[in-house]
1. Limited to region 236-257, what total is found for residues that are surrounded by 24 or more Cβ atoms within 10 Å (Cβ to Cβ) and either modelled with pLDDT of 95 or more or acidic (D, E) (or both)?
2. Residues that are under 27 Å from V131 (Cα atoms), at least 3 per element: which helices (runs of 4 or more DSSP H) completely within region 144-255 meet that?
3. Does G207 qualify as being small (G, A, S), more than 25 Å from R286 (Cα to Cα) and either in contact with a Pro (Cβ under 9 Å, 6 or more places away or on another chain) or surrounded by 15 or more Cβ atoms within 10 Å (Cβ to Cβ) (or both)?
4. Suppose we filter region 279-295 for residues that are in contact with a strand residue (DSSP E or B) (Cβ under 7 Å, 6 or more places away or on another chain) and either among the basic types (K, R) or more than 20 Å from N227 (Cα to Cα) (or both); how many remain?
5. If you check S292 against the conditions, is it within 16 Å of G330 (Cβ to Cβ) and either among the hydroxyl-bearing types (S, T, Y) or touching an Asp or Glu at 6+ places or on another chain (Cβ under 6 Å) (or both)?
6. Any residue in region 395-402 that is small (G, A, S) and touching an Asp or Glu at 6+ places or on another chain (Cβ under 6 Å)?
7. When you check E195 against the structure, is it at pLDDT below 95 and either in contact with an Asp or Glu (Cβ under 6 Å, 6 or more places away or on another chain) or on the phi < 0 side of the Ramachandran plot (or both), yes or no?
8. Among the residues of region 210-229, write down those that are crowded, with 16+ Cβ neighbours inside 10 Å and among the aliphatic types (A, V, I, L, M).
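The values are calculated or read from the model by the stated rules, or taken from the named source; none is laboratory data. Just so it is clear, the model here is predicted, and its values are computed rather than measured. Every residue, glycine as well, gets a Cβ built from its backbone with ideal geometry; the counts of neighbours run over all protein chains shown.
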Amino acid sequence: MGEDWKGRAALFCSEVAGIRRQAVPKEWGVRTASVKLNAAHPLICDVHQKQAIRVVRRRRRVLGLLLSVPMCRDFSRARSIAHDFAVHFAIDIRTRASPSYGVSLSFAREHSVEARTICGRRISEHILDSVRHGFREAFDKRPNFSANLTILQVGNGSASDVYSRSKCRAAAKVGVRAKLVKLGTEATQQEIEAELQRLNDDSDVDGIILQLPLDCVNPVDVNAVTNRIDPEKDVDGLTRKSVGRLMRGELDPSLVPGTASACVELAKSVCGKEGLQGKHVVVVGRSRIVGSPTAALFLWHDATTTICHLKTQNLKDLCRLADVLVVGVGRPNFVRGKWVKPGAIVIDCGVNVEATERRRGKLVGDVHFEEAKHVAGHITPVPGGVGPVTVAVLIRNTFLRALLRRPKW
């Protein structure tokens, strides 16, 4: 377009309730529904003439955000500016735009802003590569060096079989010896504890993982069984002593809970090593495996953490405040797109089979991915997000335990 081009750069519509004029960032210089913008703002540094935003209001709903560009050097730059405003208002224009608002659905689909997907498999490969490199260095210095992981599985649950095999495959890639020990569904608590004690006494075993949930017909106290694992071999960080260390901030890199560590790794892949400092992390879920340890671990990485659960009041409002939103409640598509802060990092720890897709066995997370991806800045998919990173972290923990336990000669 030439410099004499006049018209609209983009019109983008929504039905988001509750957004008022004060919701527009102050640094944009917005005072009323139709005002002039500060031309020095970086968003409009390439635009020569005055700009204006009009927030069209009807029936207490924001119906549209219009960026008018009287004179602009090129249309692509104007469109990118409009997208920045779009991200702020967190509008899913694929589903909410309609011709009656002045923009076609095809235009909305073409110009929608989607979050970047955080590839858990890529991050897991990076972690495993570092373990592989460290293993080679250790083997060069100590030719007899080895790292041994034992996974104890009770029963024949299909999900447990998948998780156990994935850990064994990942271990084989980097040289860690992984062994799967299976007990039948008729196993009693005494038999499980006896097997764990045998593994505790085996000096060749560096790490022990009790595959949960336990698939057995007899009543078993999971907490009591878990606490029978030697804390020095608890690479999954589930024993009482490991949890106590985490809560006190006594972080042993080899004994940090796998899922919690995976969530931090995923967030750091976006923010960087120091990027979590001061970030507001909201964890939805208080389970002993995901929610509680994840909130504690983010806290010790200098983030400000809020932990919520299904009975938390104003849960939606708290989620909208999160720079990093971690969800693990075990309910498919529980967190909707409207709950997400624009540009936030969304980490979905849920693994569910959606009721309407049960025949096809489609896995979905606790976050409604199709809605949230239009609002979030970065989001993890299900599958392929938290799961692969958790497995890689457990293998890394086993390797680190072996380095500490084995003699250095």
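1. 1
2. Numbers: elements: 158-174, 189-201, 222-226, 240-248.
Ranges flagged: 158-174, 189-201, 240-248.
3. yes
4. 9
5. Details: within 16 Å of G330 (Cβ to Cβ): yes; either among the hydroxyl-bearing types (S, T, Y) or touching an Asp or Glu at 6+ places or on another chain (Cβ under 6 Å) (or both): yes.
Yes; evaluated as a whole, the condition is true for this residue.
6. Here is the first cut: in region 395-402, the residues small (G, A, S) are 402.
Cutting the leftovers down to touching an Asp or Glu at 6+ places or on another chain (Cβ under 6 Å) gives us 402.
Yes, because at least one residue in region 395-402 is small (G, A, S) and touching an Asp or Glu at 6+ places or on another chain (Cβ under 6 Å).
7. For E195, the condition - at pLDDT below 95 and either in contact with an Asp or Glu (Cβ under 6 Å, 6 or more places away or on another chain) or on the phi < 0 side of the Ramachandran plot (or both) - is not met.
8. Initial filter on region 210-229 (crowded, with 16+ Cβ neighbours inside 10 Å): 210-212, 214-216, 220, 225-229.
Within region 210-229, L210, L212, L214, V220, V225, I229 meet the criteria.
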